[in-house]
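The values are calculated or read from the model by the stated rules, or taken from the named source; none is laboratory data. In this text, all values refer to a predicted model and were calculated from it rather than measured experimentally. Here the Cβ positions follow ideal geometry from the backbone for every residue, glycine too, while neighbour counts run over all protein chains shown. Note: accessible area is taken over every heavy atom of the protein model, side chains too, but ligands, DNA and RNA are not part of it. Shrake-Rupley method; radii C 1.70, N 1.55, O 1.52, S 1.80 Å.
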Amino acid sequence: MPLALLALAVSAFGIGTTEFVMMGLLPDVADDLGTSVPTAGYLVSAYAIGVVVGAPLLTAVGSRIPRKRMLLLLMALFTVGNLASALAPDFGWLIAGRLLAGLPHGAFFGVGAVVATRLAAEGRQARAVATMFLGLTIANVVGVPAATLLGQHLGWRATFLVVAAIGLCAMAALARLVPRIPAEAHRHVRHELRALRNRQVLLGLLTAVFGFAGVFAVYSYLSAMTTEAMGFGESSVTLVLALFGIGMTLGALAAGPLTDRALRPTLYGSLSALAVVLLAFPFVAQVQWAALVMVVLLGGVGFMTTTPLQMLVMNKAKDAPTLASASNHSAFNLANAGGAWLGGMAIAAGWGWTSPALVGAALTLAGLAIAVTAGVLDRDRSPSRIVARAATPTPRKSGADVH
């Protein structure tokens, strides 16, 4: 495995930690800044809005910048956003800090995915992308629980200071380990946007919005389900969240080789398995050991969808792989917001704490239907490879050669 992938994974770890830790810190932030928990929830939305807006915008703006420099600039913006969050004097400034921290999220993963495929051997591109995403999943096993405990004991500002420090470490790793990879020949933004109008790319993005919304319909309320539906105490919430993260990690490890072998079957299989898990969840939630197994499975099959979706849109938007990859993360964050909103509506309607799982199952089945439709419509049966089509692979360099 190229060491550059380790630098990308460290960066993904920091991004994953700051993205999800706010869910555990909302009561502390609300109490410290004198607002309500529902109002503090806007901090989650602010980050998601930053991702949705920043992914296509920063990717387009940075299209002329060499890949390595672009990664460093995006991680610097991420670090500044978290530092601004830590030092925010009031709620308004904290909203701004979260928005700023979210802006580089999608663009980083978009550029990072292209860099990962450029560094990988032929036939192992999906594994390289999955390795980068491994940092995101490990953040949910280690980073989010640890950062939540840190915030509860030392104050929420300490959490964002630590994440900013992780950002600095990630920048050092990127500078040291990632070789210089030039940007592709510049294309006008309108040309890249036309590439995104490809029917298969749009269907891939829609699959991400609906399919992954099923995961967030449940994950957004997993803490409440742990105490209200599964019958665990509040002290067990961290354990349940960590089990979800373990499932995500296992899913990411399995997704890479499976996607390299058979992209669409991996996508169909993971979405089908996710729908089954979500449908079964309400019926086993009160059996504690079974509920814990379902949490691991939910994280595993849910995150197994991300790598094939990422590779699909990159392959189909071969003239704009970076913009397509970044836009995919905008789709994932729309799924985050939409799934949480619809799951919350089900709870508010009095359908019970596990009802978001049934909402999630419906959303996932819609995503599966879109994916199958895209497969039927796809006339290009040849195995497309991002590295071969996007550009001539950059010769690999050791860490000592890249400076």
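Here are a few things to note about the model shown:
- Portion, in percent, of the accessible area of the chain that falls on carbon or sulfur, probe 1.4 Å: 69 percent
- Solvent exposure of the stretch 190-290 as accessible area per residue, Å², 1.4 Å probe: 43 Å²
- DSSP loop GluC sites (Glu not before Pro) with at most 16 other Cβ within 10 Å: longest gap in the chain: 185-403
- Spin-label model, ALA121/VAL53: points 7 Å from Cα along the beta carbon direction are separated by 4.5 nm.
- Look at the dipole of the chain built from charges on Cβ: of MET22, SER36, ALA254, the Cα furthest out on the positive end belongs to ALA254.
- GNM top mover of THR117, THR227, THR137 - the chain, alpha-carbon springs below 10 Å: THR227
- Here the simple spin-label model places points 7 Å from the Cα toward Cβ, and for LEU3 and VAL287 these points are separated by 5.0 nm.
- Helix-only [θ]222 nm of the chain, DSSP H runs n ≥ 4, -39500 (n - 2.57) each, per residue, nearest 500: -26500 deg cm²/dmol
- Using a probe of 1.4 angstrom and keeping all protein chains present, the accessible surface of the stretch 333-379 works out to 44 square angstrom per residue.
- When only the Cβ of Lys, Arg, Asp and Glu is charged (+1, +1, -1, -1), the dipole of the stretch 1-126 relative to its Cα centre reaches about 780 debye.
- For LEU87 and ARG261, the difference between the fully extended length at 0.36 nm per residue and the C-alpha to C-alpha distance is 57.9 nm.
- ARG64 paired with CYS169, simple spin-label distance in nm, labels 7 Å along Cα-to-beta-carbon: 3.6 nm
- Max mean-square fluctuation residue, GNM over the chain, Cα-Cα springs under 10 Å, options ALA361, ALA88, ALA48: ALA88
- Computed over the stretch 54-173, Kirkwood Rh from alpha-carbon pairs, angstrom: 15.4 Å
- Per residue, the convex hull volume that the Cα atoms of the chain enclose (Å³): 122 Å³
- Note on SER272 and SER235: the extension gain reaches 10.0 nm, defined as 0.36 nm multiplied by sequence separation minus the Cα-Cα distance.
- In this structure HIS153 has an accessible area near 150 Å², from a 1.4 Å probe over the protein heavy atoms.
- Largest mean-square fluctuation among ASP28, ASP260, ASP378, in a Gaussian network model of the chain whose springs join Cα atoms under 10 Å apart, belongs to ASP378.
- Extension gain from ARG176 to ASP32, taking 0.36 nm per residue of separation minus the Cα-Cα distance: 47.9 nm
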